[in-house]
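The values are calculated or read from the model by the stated rules, or taken from the named source; none is laboratory data. In this text, all values refer to a predicted model and were calculated from it rather than measured experimentally. Surface accessibility is based on the protein's heavy atoms, side chains included, excluding ligands, DNA and RNA. Shrake-Rupley method; radii C 1.70, N 1.55, O 1.52, S 1.80 Å.
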Amino acid sequence: MKLGLGIDAGGTYTDAVLVDLKQREVLGQGKALTTKGDYALGVERALHQLQLDNPEMINMVAVSTTLATNAIVENKGGRVGLLLLGYDQGVKSLLPAEVQNCVLIQGQHSIRGEELVPLDVEHLKKAIRELAPHVDVFAVSSYLAPRNNNHELIAREILEQQGIPYVCSYQLTSELNSLERANTVFYNARLIPLIVQLIHSVERVLAKRGITAPLNIVKSDGCLMGRELAM
(Lines give C-alpha, C1' and ligand atoms only; values in the text may rest on other atoms or scores of the structure.)
Protein backbone atom coordinates (compact mmCIF):
# COMPACT_ATOMS: atom_id res chain seq x y z
CA MET A 1 0.00 0.00 0.00
CA LYS A 2 1.24 3.46 -0.94
CA LEU A 3 -0.09 6.27 1.20
CA GLY A 4 -0.23 10.00 0.68
CA LEU A 5 -0.58 12.55 3.47
CA GLY A 6 -2.23 15.86 2.69
CA ILE A 7 -2.11 18.88 5.00
CA ASP A 8 -3.98 22.13 4.38
CA ALA A 9 -3.24 25.07 6.66
CA GLY A 10 -5.99 27.64 6.40
CA GLY A 11 -6.60 30.88 8.20
CA THR A 12 -9.00 29.22 10.65
CA TYR A 13 -8.59 25.45 10.36
CA THR A 14 -5.80 23.01 9.55
CA ASP A 15 -6.99 19.86 7.79
CA ALA A 16 -5.19 16.56 7.28
CA VAL A 17 -6.11 13.61 5.10
CA LEU A 18 -4.59 10.15 4.60
CA VAL A 19 -5.08 8.66 1.14
CA ASP A 20 -4.45 5.26 -0.41
CA LEU A 21 -2.73 6.45 -3.59
CA LYS A 22 -3.25 3.20 -5.49
CA GLN A 23 -6.94 2.73 -4.69
CA ARG A 24 -7.62 6.48 -4.62
CA GLU A 25 -9.41 6.02 -1.33
CA VAL A 26 -9.53 8.37 1.65
CA LEU A 27 -8.50 6.42 4.75
CA GLY A 28 -8.84 9.12 7.35
CA GLN A 29 -9.20 12.83 7.94
CA GLY A 30 -8.62 15.27 10.75
CA LYS A 31 -9.36 18.92 11.48
CA ALA A 32 -7.98 21.31 14.09
CA LEU A 33 -7.80 25.04 14.65
CA THR A 34 -4.85 26.72 12.97
CA THR A 35 -2.43 27.91 15.65
CA LYS A 36 -0.75 30.96 14.14
CA GLY A 37 1.65 31.42 17.04
CA ASP A 38 3.08 27.96 16.35
CA TYR A 39 1.69 26.20 13.28
CA ALA A 40 3.11 22.89 14.54
CA LEU A 41 0.40 22.66 17.22
CA GLY A 42 -2.47 22.81 14.74
CA VAL A 43 -0.74 20.37 12.36
CA GLU A 44 -0.04 17.94 15.22
CA ARG A 45 -3.65 18.05 16.42
CA ALA A 46 -4.98 17.40 12.92
CA LEU A 47 -2.60 14.48 12.34
CA HIS A 48 -3.46 13.03 15.74
CA GLN A 49 -6.93 12.24 14.43
CA LEU A 50 -5.48 10.02 11.67
CA GLN A 51 -4.39 6.39 12.00
CA LEU A 52 -0.67 6.72 11.27
CA ASP A 53 0.44 3.36 12.63
CA ASN A 54 2.81 2.69 9.71
CA PRO A 55 4.51 6.02 8.86
CA GLU A 56 7.02 4.20 6.63
CA MET A 57 4.16 3.45 4.22
CA ILE A 58 3.62 7.16 3.53
CA ASN A 59 5.27 7.85 0.17
CA MET A 60 4.50 11.52 -0.21
CA VAL A 61 3.37 14.53 1.77
CA ALA A 62 1.61 17.50 0.16
CA VAL A 63 1.04 20.78 1.99
CA SER A 64 -1.35 23.45 0.77
CA THR A 65 -2.15 26.75 2.44
CA THR A 66 -4.11 29.97 2.13
CA LEU A 67 -1.84 31.69 4.65
CA ALA A 68 -0.17 33.72 1.89
CA THR A 69 -3.46 35.02 0.48
CA ASN A 70 -4.81 35.71 3.96
CA ALA A 71 -1.67 37.61 4.95
CA ILE A 72 -1.97 39.97 1.97
CA VAL A 73 -5.69 40.55 2.59
CA GLU A 74 -5.11 41.09 6.32
CA ASN A 75 -2.07 43.33 5.73
CA LYS A 76 0.25 40.99 7.62
CA GLY A 77 3.65 39.49 6.98
CA GLY A 78 7.33 39.93 7.65
CA ARG A 79 9.22 43.21 7.82
CA VAL A 80 10.69 43.95 4.39
CA GLY A 81 13.65 46.07 3.36
CA LEU A 82 12.89 47.16 -0.23
CA LEU A 83 15.98 48.00 -2.30
CA LEU A 84 15.12 49.76 -5.56
CA LEU A 85 18.02 49.98 -7.99
CA GLY A 86 17.88 52.73 -10.61
CA TYR A 87 14.43 54.02 -9.65
CA ASP A 88 13.78 57.75 -9.27
CA GLN A 89 12.44 59.41 -6.13
CA GLY A 90 8.91 59.66 -7.51
CA VAL A 91 8.35 55.94 -7.10
CA LYS A 92 8.08 56.25 -3.32
CA SER A 93 4.76 58.08 -3.57
CA LEU A 94 3.38 55.23 -5.70
CA LEU A 95 4.33 52.34 -3.43
CA PRO A 96 1.82 50.70 -1.04
CA ALA A 97 1.51 52.23 2.42
CA GLU A 98 2.84 48.95 3.85
CA VAL A 99 6.31 49.75 2.51
CA GLN A 100 8.08 51.14 5.56
CA ASN A 101 11.75 50.54 4.72
CA CYS A 102 12.72 51.53 1.19
CA VAL A 103 16.09 52.73 -0.12
CA LEU A 104 16.81 53.94 -3.65
CA ILE A 105 20.24 52.98 -4.99
CA GLN A 106 21.86 54.62 -8.03
CA GLY A 107 22.47 52.44 -11.08
CA GLN A 108 20.91 52.45 -14.52
CA HIS A 109 20.54 50.42 -17.73
CA SER A 110 19.19 51.41 -21.11
CA ILE A 111 16.09 49.77 -22.58
CA ARG A 112 18.51 47.61 -24.58
CA GLY A 113 20.21 46.43 -21.41
CA GLU A 114 23.38 48.50 -21.69
CA GLU A 115 24.76 49.81 -18.41
CA LEU A 116 24.53 53.59 -18.34
CA VAL A 117 25.30 54.19 -14.65
CA PRO A 118 27.20 51.63 -12.53
CA LEU A 119 25.51 50.31 -9.43
CA ASP A 120 26.49 52.26 -6.30
CA VAL A 121 27.74 49.21 -4.44
CA GLU A 122 28.95 51.12 -1.39
CA HIS A 123 25.57 52.77 -0.91
CA LEU A 124 23.92 49.37 -1.36
CA LYS A 125 26.11 47.77 1.31
CA LYS A 126 25.47 50.68 3.67
CA ALA A 127 21.71 50.42 3.15
CA ILE A 128 21.79 46.68 3.86
CA ARG A 129 23.81 47.18 7.05
CA GLU A 130 21.47 49.88 8.34
CA LEU A 131 18.23 48.06 7.47
CA ALA A 132 19.27 44.54 8.51
CA PRO A 133 18.49 44.95 12.26
CA HIS A 134 14.99 46.23 11.45
CA VAL A 135 13.78 43.81 8.75
CA ASP A 136 13.22 40.07 8.34
CA VAL A 137 13.87 39.86 4.61
CA PHE A 138 15.07 41.99 1.69
CA ALA A 139 13.32 42.59 -1.63
CA VAL A 140 15.40 43.78 -4.60
CA SER A 141 14.15 45.30 -7.83
CA SER A 142 16.22 46.92 -10.55
CA TYR A 143 14.41 49.37 -12.83
CA LEU A 144 15.18 47.47 -16.05
CA ALA A 145 16.02 44.03 -14.68
CA PRO A 146 14.12 42.26 -17.51
CA ARG A 147 16.64 43.79 -19.92
CA ASN A 148 19.71 43.29 -17.70
CA ASN A 149 19.60 41.75 -14.22
CA ASN A 150 23.28 42.26 -13.45
CA HIS A 151 22.64 44.87 -10.73
CA GLU A 152 20.20 42.52 -8.99
CA LEU A 153 22.79 39.74 -9.22
CA ILE A 154 25.34 41.98 -7.49
CA ALA A 155 22.84 42.76 -4.74
CA ARG A 156 22.02 39.07 -4.45
CA GLU A 157 25.68 38.16 -3.99
CA ILE A 158 26.08 40.76 -1.23
CA LEU A 159 22.97 39.51 0.57
CA GLU A 160 24.12 35.90 0.18
CA GLN A 161 27.41 36.76 1.86
CA GLN A 162 25.52 38.34 4.75
CA GLY A 163 23.26 35.29 5.11
CA ILE A 164 20.14 37.47 4.93
CA PRO A 165 16.87 36.16 3.38
CA TYR A 166 16.03 37.95 0.13
CA VAL A 167 14.20 37.76 -3.17
CA CYS A 168 14.99 39.55 -6.43
CA SER A 169 12.46 40.66 -9.03
CA TYR A 170 14.14 38.76 -11.87
CA GLN A 171 13.38 35.52 -9.97
CA LEU A 172 9.65 36.25 -10.08
CA THR A 173 8.65 38.07 -13.24
CA SER A 174 9.84 39.44 -16.57
CA GLU A 175 7.24 42.22 -16.46
CA LEU A 176 8.78 45.46 -17.79
CA ASN A 177 6.48 47.63 -15.66
CA SER A 178 8.94 48.62 -12.93
CA LEU A 179 6.25 49.57 -10.39
CA GLU A 180 4.47 46.23 -10.78
CA ARG A 181 7.77 44.40 -10.29
CA ALA A 182 8.56 46.45 -7.17
CA ASN A 183 5.15 45.55 -5.73
CA THR A 184 5.49 41.89 -6.72
CA VAL A 185 8.90 41.47 -5.11
CA PHE A 186 7.80 43.36 -1.98
CA TYR A 187 4.73 41.21 -1.33
CA ASN A 188 6.56 38.00 -2.14
CA ALA A 189 9.31 38.92 0.33
CA ARG A 190 6.73 39.78 2.95
CA LEU A 191 5.36 36.23 2.77
CA ILE A 192 8.70 34.44 3.07
CA PRO A 193 8.84 34.38 6.91
CA LEU A 194 5.28 33.00 7.09
CA ILE A 195 5.80 30.20 4.58
CA VAL A 196 9.21 29.26 5.98
CA GLN A 197 7.68 29.04 9.46
CA LEU A 198 4.90 26.79 8.16
CA ILE A 199 7.29 24.46 6.33
CA HIS A 200 9.56 24.16 9.37
CA SER A 201 6.53 23.49 11.60
CA VAL A 202 5.29 20.70 9.33
CA GLU A 203 8.77 19.20 9.16
CA ARG A 204 9.04 19.09 12.95
CA VAL A 205 5.72 17.27 13.26
CA LEU A 206 6.59 14.80 10.49
CA ALA A 207 9.97 14.04 12.08
CA LYS A 208 8.31 13.52 15.45
CA ARG A 209 5.99 10.93 13.90
CA GLY A 210 8.73 9.17 11.93
CA ILE A 211 7.43 10.28 8.53
CA THR A 212 10.36 10.59 6.12
CA ALA A 213 8.47 10.93 2.82
CA PRO A 214 9.36 13.88 0.55
CA LEU A 215 7.57 17.11 1.41
CA ASN A 216 5.83 18.93 -1.44
CA ILE A 217 4.01 22.25 -1.55
CA VAL A 218 0.82 22.76 -3.56
CA LYS A 219 1.09 25.71 -5.94
CA SER A 220 -1.83 27.97 -6.80
CA ASP A 221 -2.36 26.10 -10.09
CA GLY A 222 -2.77 22.79 -8.23
CA CYS A 223 0.63 21.37 -9.20
CA LEU A 224 3.28 20.36 -6.69
CA MET A 225 6.74 21.78 -6.13
CA GLY A 226 9.46 20.31 -3.95
CA ARG A 227 10.35 21.65 -0.55
CA GLU A 228 13.70 23.06 -1.70
CA LEU A 229 12.15 25.02 -4.54
CA ALA A 230 9.46 26.39 -2.26
CA MET A 231 12.04 27.54 0.27
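Matching the structure-derived volume of the Cα convex hull per residue in Å³ against the labelled list (i) 243; (ii) 132; (iii) 147 gives the label (ii). Checked against a 31 Å cut-off, the cross-linked pairs K22/K76; K125/K219; K2/K219 give Cα-Cα distances beyond that limit for K22/K76; K125/K219. Full extension of the segment from Q100 to R112, taken as 0.36 nm per residue of separation minus the current Cα-Cα distance, would add 1.1 nm. When the residues R129, R181, R227 are ordered by accessible surface, computed with a 1.4 Å probe over the protein chains alone, the sequence from largest down reads R129, R227, R181. Note: relative contact order over segment 1-159, using C-alpha pairs below 8 Å and six or more positions apart, is 19 percent. By its C-alpha gyration tensor, with a ≥ b ≥ c as the square roots of the eigenvalues, how is segment 189-229 shaped: rounded for a/c under 1.5, else prolate for a/b larger than b/c, else oblate? Because a/c hits 1.5 or more and a/b fails to exceed b/c, segment 189-229 counts as oblate.
L18 exposes around 10 Å² of accessible area when a 1.4 Å probe is run over every protein chain in place.
Who wins for biggest fluctuation among A139, A207, A68 in a Gaussian network model of the chain, springs between alpha carbons below 10 Å? Its mean-square fluctuation being the largest, the pick is A207. Among N149, N188, N75, the largest mean-square fluctuation in a Gaussian network model of the chain, built with springs joining Cα atoms closer than 10 Å, belongs to N75. The helix-based estimate of mean residue ellipticity at 222 nm for the chain, built from -39,500 (n - 2.57) per DSSP H run of four or more residues and divided by its residue count, is -10500 deg cm²/dmol to the nearest 500. The listed residues L116, L84, L179, once ranked by accessible area (1.4 Å probe) with the largest placed first, stand as L116, L179, L84.
Connecting C-alpha atoms closer than 10 Å in a GNM of the chain, tell me which of G28, G37, G78 has the biggest fluctuation. The residue that fluctuates most here is G37. Computed with every protein chain present, the accessible area of I164 is close to 30 Å² [probe 1.4 Å]. Taking all protein chains together and a 1.4 Å probe, the residues E152, E175, E228 rank E228, E175, E152 from largest to smallest accessible area.
Ligands, DNA and RNA left out, the 1.4 Å accessible surface of segment 106-231 is 50% carbon and sulfur atoms.
For T12, tell me the accessible area in Å² from a 1.4 Å probe, rounded to the nearest 10. Rounded to the nearest 10, that gives 80 Å². Membrane-span-like helices of the chain, defined as complete DSSP H segments with a Cα extent of 24 Å or more along the helix axis and a mean Kyte hydropathy of at least 0.0, are identified as 178-208.
Between segment 130-205 and segment 36-107, the alpha-carbon centres lie 12 Å apart.
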